[in-house]
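Read-outs: derived from the displayed coordinates by stated rules, not from any lab. The shown structure was predicted, so the numbers you read here are calculated from the model rather than taken from an experiment. Please note: Cβ atoms are built from the backbone with ideal geometry, for glycine as well, and neighbour counts cover all protein chains shown.
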Amino acid sequence: LSLPDGGRIDINTDSKVRWQFGKQMRQIWLDRGEISITVQADQRDFVVRTGKEEITLAPGQYNLRLKETGVEVAVERGEGRVTSKITPAPNIVRAGEISSVSDHKTHHVTSANPETFEALTAWKNDEIVLDGVTLAAAVSEYNRYLTKKITIADPHIGSIRIGGRFTTKDPTIFVTSLRSSFGIKAERGN
């Protein structure tokens, strides 16, 4: 989505975003899902609202994702101020950092390496990068992109740790790798 100020929003699957640009403020509402935002220099503030959180972004590149527990703001380039109704004092998040604001009244800012950012933004290239996550978490993440969902019939295998880079468009390679690496049997449902 090209914005009137020359900025850009890339919208991930199963996401809902709204925007409104006025004379004094540029506003984005992330109601569901994940977006990547390129913010252009402008005299107006650029504010993203995600329910309980308000994030003011300086010119730069950001990835924002709503999770069940709150919002994650990854700053690739630029600087953001994250303010929450729960924690009204702004937390500054700089390039190379990830801010996680939880509904449980916690706020964490962590430094991240380039590989972490590559994994976070792989969706823009129709990819998913898994790095030692449980099979249950991997399937949950993968199912965001699929109309026919993957289910785990045996809950005991959900804790297996997996990694790799896969396409989000077709889970065949992902499922095949589970079979060849772990001997997990997969069946195609109706």
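What the table below lists for this structure:
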read-out	value
Total formal charge among the other residues, if their Cβ is under 12 angstrom from that of ARG26, Lys/Arg +1 and Asp/Glu -1	0
Relative frequency of Cα-Cα separations exceeding 17 Å in the range 72-177, percent	62
Net charge of neighbours whose Cβ lies under 11 Å from the Cβ of ASN143, counting Lys and Arg as +1 and Asp and Glu as -1	+1
Karplus (6.51, -1.76, 1.60) ³J(HN,Hα), θ = phi - 60°, over the range 109-121, in Hz, Gly and Pro reported as x	10, 10, 7, 9, 8, x, 5, 5, 5, 4, 5, 5, 9
Given charges at beta-carbon only (K, R positive; D, E negative), |dipole| of the chain in Debye	400
Cross-link pairs beyond the 23 Å C-alpha cut-off, checked among LYS23/LYS124; LYS16/LYS52; LYS67/LYS185; LYS67/LYS124; LYS16/LYS67	LYS23/LYS124; LYS67/LYS185
The range 1-143: antiparallel DSSP beta bridges as a percent of all, rounded to 5	90
With 5 Å bins from 0: P(r) over the range 1-43, alpha-carbon pairs, percent	6, 21, 34, 22, 12, 4, 1
Cα-only Debye scattering, the chain: base-10 log of I(q)/I(0) at q = 0.10, 0.18 Å⁻¹	-0.46, -1.20
Net dipole in debye of the range 113-190 [+1 Lys, Arg Cβ; -1 Asp, Glu Cβ; about Cα centre; nearest 20]	300
Dimensionless Rg over Rh [the range 18-83; C-alpha; Kirkwood]	0.93
Length-normalised contact order for the chain - Cα pairs under 8 Å, 6+ apart - percent	12
